[in-house]
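The values are calculated or read from the model by the stated rules, or taken from the named source; none is laboratory data. For clarity, every value in this text was computed on a predicted model and none was experimentally measured. Using ideal geometry, Cβ is built from the backbone for each residue, glycine included, and neighbour counts are taken over all protein chains shown. Side chains included, ligands, DNA and RNA excluded: accessible areas come from the protein's heavy atoms. Shrake-Rupley method; radii C 1.70, N 1.55, O 1.52, S 1.80 Å.
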Amino acid sequence: MVEQGAGPAALNRVDRPGTAEEAWEAWDGLRHLPAADPLGWPSAVIVAAHPDDEILGAGGAMAMLAAAGARLRLIAVTDGEASHPGADPGAIARVRTAESAAARHVLGVQHIEVIRLHLPDTGLGDREDELASRLRELCAGFEVCLAPWEADAHADHEAAGRAARRAGRPVLSYPIWMWHWAKPADRRVPWPRACRIPLPADIAVLKADAIQAFASQLTDRPGATGPVLPPGIVAHFTRPQEVLLR
């Protein structure tokens with residue numbers, strides 16, 4: 001999610017008052033998106049700019065794929081060490097990577113191959129070419145790549161999304177901050193490229209439980225105005241479906 005030090009434009013949009021989940025729930029457009037079936041993917045690689053991105057954006061799809069026996073790889077680009085300003089970055093990185101592992105365990109995705117790149121949190125824009133080169137290698141041989149949306153209004157998400165698009169594999173992008181700054185039918189969002197993955201009821205419950213593993217993001221931070229993931233943000237990711245952008 002949001003890290004300190006993202007670009008000024010990204011922080012400006014993310015920090016403004018956002019769209020409540022009730023507005024998205026009331027919009028028929030989400031329910032009418034074409035459905036995609038992840039069970040048709042024999043393999044998938046998931047790119048996460050920070051620990052928790054993969055669970056928030058695509059945790060349900062990951063759980064469905066794992067249950068179906070698909071080959072899965074998680075590319076963890078950063079360790080999320082910049083989420084708590086003033087704290088020891090190494091300690092925060094250890095906490096956040098452990099939370100990500102705990103969340104995957106809840107979802108039944110504990111056997112996924114995990115590759116950690118240890119690139120700098122809040123610094124992906126300066127390492128985009130390097131990241132694209134690594135992803136070109138690490139995404140080879142996978143049916144599909146799930147990655148952050150390259151217009152998500154968070155500098156790290158956008159750099160990771162652009163790098164994934166350059167890697168040469170079919171990409172489905174998962175939005176995260178878009179649900180905060182966009183509004184239903186927002187023209188800044190390419191809705192004709194959107195599809196939805198309906199989540200079985202048991203998977204939706206597991207995803208909601210998995211999000212609770214991110215205690216460092218759900219509780220107040222010293223010196224900050226509140227948690228990284230307040231309840232209003234979490235609500236965007238506990239729906240009975242996930243939305244991806246082709």
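Being modelled with pLDDT under 95 and among the hydrophobic types (A, V, I, L, M, F, W, C) is the requirement here; does Ala167 meet it?
On the way: modelled with pLDDT under 95: yes; among the hydrophobic types (A, V, I, L, M, F, W, C): yes.
Criteria met by Ala167.
Filter segment 88-114 down to residues that are open to solvent by less than 50 Å² (accessible area, probe 1.4 Å) and either within 11 Å of Ala76 (Cβ to Cβ) or of a type in the set (D, E, K, R) (or both), then give me how many there are. Break it down into steps so the answer makes sense when it comes.
Start the filter on segment 88-114 by keeping residues that are open to solvent by less than 50 Å² (accessible area, probe 1.4 Å), which leaves 90-93, 96-97, 99-104, 107-109, 112.
If we keep only those that are either within 11 Å of Ala76 (Cβ to Cβ) or of a type in the set (D, E, K, R) (or both) as well, we get 93, 96-97, 99-101, 104, 112.
Number of matching residues: 8.
Tell me which of these Lys183 doesn't satisfy, since it passes every other one: (1) farther than 22 Å from Ala44 by Cβ; (2) in contact with a Lys or Arg (Cβ under 8 Å, 6 or more places away or on another chain).
Single failed check for Lys183: (2).
Among the residues of segment 196-215, how many are of a type in the set (Val, Ile, Thr), in contact (Cβ under 8 Å) with a residue 40 or more places away in the chain and part of a helix (DSSP H, G or I)? Working first, answer last.
Our first condition is that a residue be of a type in the set (Val, Ile, Thr); within segment 196-215, this holds for 197, 203, 205, 211.
Checking the rest, the ones that are also in contact (Cβ under 8 Å) with a residue 40 or more places away in the chain come to 197, 203, 211.
Retained after the next criterion (residues that are part of a helix (DSSP H, G or I)): 203, 211.
Count: 2.
Given the residues Pro190, Pro240, Pro200, Pro184, which is the only one that is closer than 29 Å to Glu22 by Cα, at pLDDT 95 or above and in contact with a Pro (Cβ under 8 Å, 6 or more places away or on another chain)? Can you show your working first?
Working: Pro190 fails: in contact with a Pro (Cβ under 8 Å, 6 or more places away or on another chain); Pro200 fails: in contact with a Pro (Cβ under 8 Å, 6 or more places away or on another chain); Pro184 fails: in contact with a Pro (Cβ under 8 Å, 6 or more places away or on another chain).
Of Pro190, Pro240, Pro200, Pro184, the one residue that is closer than 29 Å to Glu22 by Cα, at pLDDT 95 or above and in contact with a Pro (Cβ under 8 Å, 6 or more places away or on another chain) is Pro240.
Here's a check for you: in segment 106-154, which residue that is among the polar types (S, T, N, Q) and without any contact (Cβ under 8 Å) to a residue 12 or more places away in the chain is nearest to Arg187 (Cα to Cα)? Steps first, answer last, please.
If we filter segment 106-154 for residues that are among the polar types (S, T, N, Q), which is where we start, we get 110, 122, 133.
Restricting the remaining residues to those that are without any contact (Cβ under 8 Å) to a residue 12 or more places away in the chain gives 110, 133.
Values: Gln110: 38, Ser133: 32 Å.
Of everything passing the filter in segment 106-154, Ser133 is nearest to Arg187 (Cα to Cα).
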